[in-house]
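One structure is given here, and the rest of the page talks about it.
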Amino acid sequence: MPQAYSDDLRCKLLQFYERNKVGLEEVAEVFGVSYGFAKKIRRQQLLTGQMERPVQVRHGPVSRVTAEVEQQLRAELRHQPDLTLAELGARLQQSRRLRLSKTRLAEVLTRLGLRRKKNRSMRPSRTAKKVDSGGRRGGNR
């Protein structure tokens, strides 16, 4: 995966451009970068007034799953660990007027490290498993 050019290179390129009063095409050739890159960082410098790379802005909408929602999910599962995704979603919608899809709810629970599966330390089934004549469990070989 390609990596961004360092801020050091950006600064040197822009300082060279300002000192030598040459075109961006020539600056790009001297530094071994594309003309488009040189043009882009000069435009960013004119807009922001700084030579360093601008801080990246988070893409997409802000998540509706806040810390309070995460706390509520933890509390709900602590109180009743065998809730289904549909039941958890219904409780969120009822208490917070927040509607999440089952997929999104499952992603949040996974990220939080919360498990919804029932505990395996349940009593064994009363129905005995069938044993074949060889004394082994299972069926066809």
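Taking a sphere under 13 Å around the Cβ of V22 and counting the other residues whose Cβ falls inside, with K and R at +1 and D and E at -1, yields a net charge of -1.
The simple Förster model, with R0 at 35 Å and r as the Cβ-Cβ distance, assigns E18 and V62 a FRET efficiency of 0.35. Once Rg and the Kirkwood radius are both taken over the C-alpha atoms of the stretch 1-104, their ratio Rg/Rh works out to 1.38.
Using the alpha-carbon positions of the stretch 7-48, Rg (one decimal) and Dmax (whole number) come out as 9.1, 25 Å.
Taking label positions 7 Å along the Cα-Cβ direction at both F37 and E25, the computed distance is 1.9 nm, reported to one decimal. In the stretch 67-112, if every C-alpha pair distance is counted and binned at 10 Å from zero, what percent goes to each bin? Pairs per bin, as whole percents: 28, 67, 4.
Where a number appears in this text, it was derived from the coordinates with a stated rule and is not lab data. Since the model is a prediction, treat every value here as computed from it, not as a measurement. When we count neighbours, we look across all protein chains shown, and the Cβ atoms used for this are built from the backbone with ideal geometry, even at glycine.
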